[in-house]
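The values are calculated or read from the model by the stated rules, or taken from the named source; none is laboratory data. The shown structure was predicted, so the numbers you read here are calculated from the model rather than taken from an experiment. Because the Cβ atoms are built from the backbone with ideal geometry, glycine has one as well, and the counts that use them run over all protein chains shown.
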């Protein structure tokens, strides 16, 4: 706690503050402020003695209460990816003192602008760059005692999902090739959604469409840090052509029949 003494008349020689068997002596004209840190809570009596240059003295007794301060703590979600919100869960404890009433979280990240400091208990935050960030929450109880903690939070890099597909006809497999661009973290999982069926989790799959048309195929890729990226790309499945023939004429040389073969695209 901080105790403030009045500066008093110029003839004041020294001030003595006693609390919990500890003594603080302030000689005039030093600053009239004295600090005392208590390691235990409870009710105590403070004695302030003032002595003048001619050895006259007086004192005043004051009862004070030392409150317990809270213990600040938090955890962050296991998956922490660039451009994605990170969930922070507050685990601060009252530690035998008064109830915690306010939480102030500093993300130490100027790029967050006005959101760099938030007054919430459980919150989420988005880091637009990667690296290690030190998050510092402060918990304050109803007695205005507070505590803060500084913890590192690692933000993983993201990657870019992309793929190529060879145009195929219905009844024949269409080949899909992953072309995702990894970051510094290795890609470990792929999930393909071909629209007309369920999903498949292989790197470079094949898929056979039974109906012609456009299909918005989705690829979702995850890296070792749990970060995900996805892309939706249109793939066209064309119909097989219809083949037929006609007679050109019946006046051919002996033993020869002339046919005209034609094809019709069944789009």
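A few notes on this one:
- Taken over the range 153-170, the criterion of being in contact (Cβ under 8 Å) with a residue 60 or more places away in the chain and assigned to a strand (DSSP E or B) is satisfied by 153, 154, 155, 156, 160, 163, 165, 168, 169.
- Hey, residue 124 free of Cβ contacts under 8 Å to residues at least 40 places away in the same chain and farther than 29 Å from residue 220 by Cβ or not: no
- Strands (runs of 3 or more DSSP E) wholly inside the range 171-239 that include at least 1 residues being modelled with pLDDT of 90 or more and within 33 Å of the chain's Cα centre (by Cα): 173-178, 187-193, 213-223, 228-238
- Against the numbered list (1) in contact with a helix residue (DSSP H, G or I) (Cβ under 9 Å, 6 or more places away or on another chain); (2) at pLDDT below 75, residue 106 comes up short only at (2).
- Any hit, the range 81-99, residues being more than 30 Å from residue 230 (Cβ to Cβ), modelled with pLDDT of 80 or more and exposed (fewer than 13 other Cβ atoms within 10 Å of the Cβ): yes
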